[in-house]
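Structure record follows, encoded as structure tokens.
The values are calculated or read from the model by the stated rules, or taken from the named source; none is laboratory data. Note that the structure is a prediction, hence the values are computed from the model and not measured. All Cβ positions, glycine included, derive from the backbone under ideal geometry; neighbour counts span all protein chains shown.
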Amino acid sequence: MVGQVAYAQLDIGRVVSRTFATLGGNFPTFFLLGILFGGLPAVAVQYLIQQFITPATVGSMDSSLIGWMPAILGIGTFVILLLPAYILVGAITHGAIVYLNGKRAGIGECLSTGLTRMLPLVGLGLLSTLGIGLGLLLFVIPGVILATRWSVAAPALVAERAGVMDSLGRSSELARDNRWRIFWLLVIWFVLNYALQFAFGSVIGLLSGALMQLGESAFWVYLAIFGIYSAIGAMIPAAGSAALYTELRTIKEGASTEDLAKLFD
């Protein structure tokens, strides 16, 4: 038949809907994981910066130290957040895939997967970040292409127990023929992330007057709000990637709920 599409097209709306259904259906478990491995590490970084690093830098009045401070803070933040972030990715990916296939994983089960797959996920994250970053430097488009190709590498690594390179290849295979739709899905997640940042800034702005009246306690209230924001911000992309992976497995390979449910057996 002329004009017939030879492959199943990704339903962006269904992926978004399943992402938030997964977050809603597992919110207590995912939020606790998000606080432990997303919120608390982010709060720890903010605390160290505000209470120790910034006063020491300003007090020293050393121009060379001040010049290097953004790089030092960036590297330090990356190191502190690295392992918890990938534990969280593995844990939420496990819970999301299990939920999307008709079951529910407990926090212990999710955490076990996160800890078990932590080091491969770190390797995957470093390699993919380097590749996408270099691609973005090369006129942007190569980085965007890699981002779409590797969009489900993490859930492939977690669910199929694949190695780092195999997971990148598996993601490219699943994403093939739907990369434009995946690109628009990534745009949606980018806009959502920006909206979340805007909401956080707005809440802090609205509470600024009340926070000023709290004196020294204001800093702790700010950290609590920042921890919640960081936890939610970490939950969404992990659940979204798992929902995309499940959708691609279904439309490209005809994987049934029963097939996908066996991934963690």
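Is it the case that some residue within the stretch 202-224 is closer than 18 Å to Val89 by Cβ, assigned to a helix (DSSP H, G or I) and in contact with a helix residue (DSSP H, G or I) (Cβ under 8 Å, 6 or more places away or on another chain)?
no
Can you find, within the stretch 47-68, the residue that is modelled with the lowest pLDDT among those that are within 21 Å of Val221 (Cα to Cα) and surrounded by 13 or more Cβ atoms within 10 Å (Cβ to Cβ)? Working first, answer last.
So the first thing to find is which residues in the stretch 47-68 are within 21 Å of Val221 (Cα to Cα), and the list is 47-55.
Those left that are additionally surrounded by 13 or more Cβ atoms within 10 Å (Cβ to Cβ): 47-50, 53-54.
On the way: Tyr47: 86, Leu48: 81, Ile49: 78, Gln50: 79, Ile53: 68, Thr54: 65.
Among residues in the stretch 47-68 that are within 21 Å of Val221 (Cα to Cα) and surrounded by 13 or more Cβ atoms within 10 Å (Cβ to Cβ), the one modelled with the lowest pLDDT is Thr54.
Answer yes or no: is there a residue in the stretch 189-204 that is within 23 Å of Thr250 (Cα to Cα) and surrounded by 12 or more Cβ atoms within 10 Å (Cβ to Cβ).
yes
Given the residues Ala91, Ala44, Ala71, which is the only one that is in a helix (DSSP H, G or I), modelled with pLDDT of 70 or more, more than 16 Å from the chain's Cα centre (by Cα) and under 23 Å from Leu126 (Cα atoms)? Working first, answer last.
Values: Ala91 fails: more than 16 Å from the chain's Cα centre (by Cα); Ala71 fails: modelled with pLDDT of 70 or more.
Only one candidate qualifies: Ala44.
Would you mind stating whether Ala242 is surrounded by fewer than 18 Cβ atoms within 10 Å (Cβ to Cβ), modelled with pLDDT of 85 or more and either among the hydrophobic types (A, V, I, L, M, F, W, C) or not in a helix (DSSP H, G or I) (or both)?
Working: surrounded by fewer than 18 Cβ atoms within 10 Å (Cβ to Cβ): no; modelled with pLDDT of 85 or more: yes; either among the hydrophobic types (A, V, I, L, M, F, W, C) or not in a helix (DSSP H, G or I) (or both): yes.
No: the conditions fail for Ala242.
What number of residues within the stretch 116-141 satisfy the criterion of being surrounded by 15 or more Cβ atoms within 10 Å (Cβ to Cβ), within 16 Å of the chain's Cα centre (by Cα) and assigned to a helix (DSSP H, G or I)? Show your work before the answer.
Filtering the stretch 116-141 down to residues surrounded by 15 or more Cβ atoms within 10 Å (Cβ to Cβ) leaves 116-118, 120-125, 127-128, 131-132, 135-136.
With the extra rule that they be within 16 Å of the chain's Cα centre (by Cα), the set shrinks to 117-118, 120-125, 127-128, 132.
Those still in the list that are assigned to a helix (DSSP H, G or I) too: 118, 120-125, 127-128, 132.
Adding up the residues that qualify gives 10.
Can you name the residue in the stretch 146-172 that is free of Cβ contacts under 8 Å to residues at least 12 places away in the same chain and more than 16 Å from Tyr86 (Cβ to Cβ) and, of all such residues, is surrounded by the most Cβ atoms within 10 Å (Cβ to Cβ)?
Out of the qualifying residues, it is Gly169.
Spot the failing condition for Ala105; the list is (1) modelled with pLDDT of 90 or more; (2) more than 14 Å from the chain's Cα centre (by Cα); (3) in a helix (DSSP H, G or I), and only one is missed.
Here Ala105 clears every test but (3).
Suppose the filter is farther than 18 Å from Leu88 by Cα, at pLDDT 95 or above and within 14 Å of the chain's Cα centre (by Cα); does Trp150 pass it?
yes
Determine, yes or no, whether Pro84 is assigned to a helix (DSSP H, G or I), out of contact with any Leu (no Cβ under 7 Å at 6 or more places or on another chain) and not acidic (Asp, Glu). Full working, then the answer.
Values: assigned to a helix (DSSP H, G or I): yes; out of contact with any Leu (no Cβ under 7 Å at 6 or more places or on another chain): yes; not acidic (Asp, Glu): yes.
When the stated conditions are applied, Pro84 passes them.
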